[in-house]
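Quick notes on the structure that follows.
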Amino acid sequence: MNWITTALMFLGLLGMSLGAGNTQTSKPKVGDSPSSSNTVKNIKLGYTLKLQCNNMTSSEAVTFELAWYKDDERLKESDRIKIFQLNSSLIISSAEEEDVGSYKCEVINDTLVEKIPTQYFKVIWLEVKNLPKSSTVTMQEPLVLEIPVKGKPIPSISWMKDDRSISDIFNSSMVKYEANSFGVPRAKLTISSAQMNYRGTYTCTITIYSMTHTTATFVRVKDVYAALWPFLGIVVEVVVLGIVIFIFEKRRAKAEFEESDTDQGYDQ
């Protein structure tokens, strides 16, 4: 029995040493396989921009040095830019259009024994005013819809009518896409010669990276003679009223004339 016990102890010690060896050789280095996911952040010009790494604990943030980069250039603190090591955050005051870009934070201490992946951010600038809830177009006139949008990088724009692509409903020769007053391509939609089937909900989708904004308007089509009908109604009312008055006055005059003839007969 003693030799069996000795053999088991030997195998156990051998397994522990092999396991320890495997653990030691698999330690990753800082910066290996950085996270490919991007957090999209929309800035408001003139307001504070704050980015924060969530891949470090407070104790790690104190122990290891954290670096921030914009478009692969390391950021340095200034009057506007502040880097806080304790909570792994970057704060830029009074954000400007030039602050748009690709940001990342990463640990630059090579003695780190645990893998802390690099975290990536896409900072964008997007300002959008929604389309009106409803719009009206007169028959045979062009339908024009323009979305007041501006941003950096330039957003992509798509249009739909009643959840269908514009190209699936209208002939391409009738549809025209143009840049809006801010120079954003396809932000202005023009469809020629409006008809009654133009009525419906038109949806505009604005996209920058994974950030999407949707706005819609319900288009009503007005008959080309729509403004004329109230006027014609008034004219008809006046004409009818004039005819009624004319008939009434004519009958009244006739009745007075006959009454006058009767009175003359009695006098004779």
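No value in this document is a laboratory result; all are computed from the given coordinates. None of the values given here were measured: they were computed from a predicted structure. Glycine gets a Cβ as well: all are built from the backbone with ideal geometry, and neighbour counts include every protein chain shown.
Out of curiosity, is THR201 polar (S, T, N, Q) and touching a Leu at 6+ places or on another chain (Cβ under 9 Å)?
Spelling it out, it is not the case that THR201 is polar (S, T, N, Q) and touching a Leu at 6+ places or on another chain (Cβ under 9 Å).
Condition check ((1) among the hydrophobic types (A, V, I, L, M, F, W, C); (2) touching a His at 6+ places or on another chain (Cβ under 8 Å); (3) not in a loop (DSSP other than H, G, I, E, B)) across all residues:
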site: ARG186; (1), (2), (3): no, no, no
site: ALA194; (1), (2), (3): yes, no, no
site: ASN197; (1), (2), (3): no, no, yes
site: THR201; (1), (2), (3): no, no, yes
site: CYS204; (1), (2), (3): yes, no, yes
site: THR215; (1), (2), (3): no, no, yes
site: PHE218; (1), (2), (3): yes, no, yes
site: VAL221; (1), (2), (3): yes, no, yes
site: VAL224; (1), (2), (3): yes, no, no
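Can you give me the number of residues within region 124-181 that are among the polar types (S, T, N, Q) and touching a helix residue (DSSP H, G or I) at 6+ places or on another chain (Cβ under 9 Å)?
1
Given region 95-174, what strands (runs of 3 or more DSSP E) lie entirely inside it while holding 1 or more residues that are more than 18 Å from the chain's Cα centre (by Cα) and buried (at least 16 other Cβ atoms within 10 Å of the Cβ)?
101-107, 119-128, 134-138, 143-146
Restricting attention to region 179-195, which residues are surrounded by 13 or more Cβ atoms within 10 Å (Cβ to Cβ) and either aromatic (Phe, Trp, Tyr) or within 20 Å of LEU126 (Cβ to Cβ) (or both)?
ALA179, ASN180, PHE182, VAL184, PRO185, ARG186, ALA187, LYS188, LEU189 - these are the residues of region 179-195 that are surrounded by 13 or more Cβ atoms within 10 Å (Cβ to Cβ) and either aromatic (Phe, Trp, Tyr) or within 20 Å of LEU126 (Cβ to Cβ) (or both).
Pairs please, first residue from region 72-95 and more than 17 Å from THR48 (Cα to Cα), second anywhere and of a type in the set (D, E, K, R), Cβ atoms under 8 Å, 6+ apart in sequence or on different chains.
GLN85/GLU65
If we keep just the residues of region 196-211 that are within 15 Å of LEU131 (Cα to Cα) and among the polar types (S, T, N, Q), which is surrounded by the most Cβ atoms within 10 Å (Cβ to Cβ)?
THR203
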